[in-house]
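I have placed the structure first, in the form of C-alpha cells, so that the comments after it can refer back to it.
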Amino acid sequence: MEDCLFCKIIRGKVPSKKVYEDDEIYAFEDINPAAPIHILFVPKKHIESIAKIEKEDEALIGKIYSAINKIAEEKGVKDKGYRVVTNCGKDAGQTVKHLHFHLLAGTNMGEKLL
Ligand code: 5GP
Ligand code: ZN
C-alpha cells in the first residue's frame, strides 16, 4: 500500500530499528515505547487489522506469535513475562491501519491495559 506507514517501514522507505525479519514478518522498535521493551511485529503483507484476516492468513498469524516468542527469549523476558497486544479499529485506538502486534515487556504491567 503506497500510503501506509508500516508498508514504507517494511520497504525501508521510512527508517526503523529492526529487531527481526524473515520472508513474511518484520519487527522493529516502537518509536514511542510504552515499556522498556516495546517491539512491533507486522506481516509484510498489508492487512488492515486482525478483523481483516482471511483463512489463508491463519498460518501467518501463528508464525508472528512464534517470532514474538523467539524475540522474547532473546531479550531475556520469556520467563519473567510479557504482553502481546493488537489494537483493532477505532475504539481500540488503532492508529496505524496495518496489522501489528505490540510486544511489551521489561516492567510489571499489572492491570494496565497497554
Ligand atoms: P496502534 O496505536 O495503532 O496500536 O500502534 C501504533 C504504534 O506505532 C504506536 O505504538 C506508535 O508509537 C508506533 N509508531 C507510529 N509511527 C511510528 C514510526 O514512524 N516508527 C515506529 N518505529 N513506530 C511508530
Ligand atoms: Zn501496510
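Here are the numbers for the structure shown:
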| item | result |
| --- | --- |
| Failed item, numbered, when Glu58 is tested on (1) in a helix (DSSP H, G or I); (2) within 11 Å of ligand 1 (Cβ to nearest atom); (3) farther than 14 Å from His100 by Cα | (2) |
| Residue that is farthest from Val42 (Cα to Cα), among those in the stretch 69-110 that are in contact (Cβ under 8 Å) with a residue 40 or more places away in the chain and among the β-branched types (Val, Ile, Thr) | Thr107 |
| Residues satisfying the stated conditions in the stretch 90-104, i.e. surrounded by fewer than 17 Cβ atoms within 10 Å (Cβ to Cβ) and away from ligand 2 (no atom under 16 Å from the Cβ) | Lys90, Asp91, Ala92, Gly93 |
| Filtered residue count, the stretch 54-73, keeping only those that are under 15 Å from the mean Cα position of the chain (by Cα) and open to solvent by 90 Å² or more (accessible area, probe 1.4 Å) | 3 |
| Residue check, Gly76 more than 14 Å from ligand 1 (Cβ to nearest atom) and either open to solvent by 90 Å² or more (accessible area, probe 1.4 Å) or outside any loop (DSSP other than H, G, I, E, B) (or both) | no |
| Qualifying positions in the stretch 26-49 - surrounded by 13 or more Cβ atoms within 10 Å (Cβ to Cβ), more than 13 Å from ligand 2 (Cβ to nearest atom) and β-branched (Val, Ile, Thr) | Ile37, Ile39 |
| Among residues of the stretch 1-45, those that are in contact with a His (Cβ under 6 Å, 6 or more places away or on another chain), part of a loop (DSSP other than H, G, I, E, B) and more than 17 Å from Ala72 (Cβ to Cβ), counted | 2 |
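The values are calculated or read from the model by the stated rules, or taken from the named source; none is laboratory data. Note that the coordinates shown come from a computational prediction; the quantities given were computed from them, not determined experimentally. With ideal geometry, Cβ positions are generated from the backbone for all residues, glycine too; neighbour counts draw on all protein chains shown. SASA here: full protein model, heavy atoms, side chains in, ligands and nucleic acids out. Shrake-Rupley method; radii C 1.70, N 1.55, O 1.52, S 1.80 Å.
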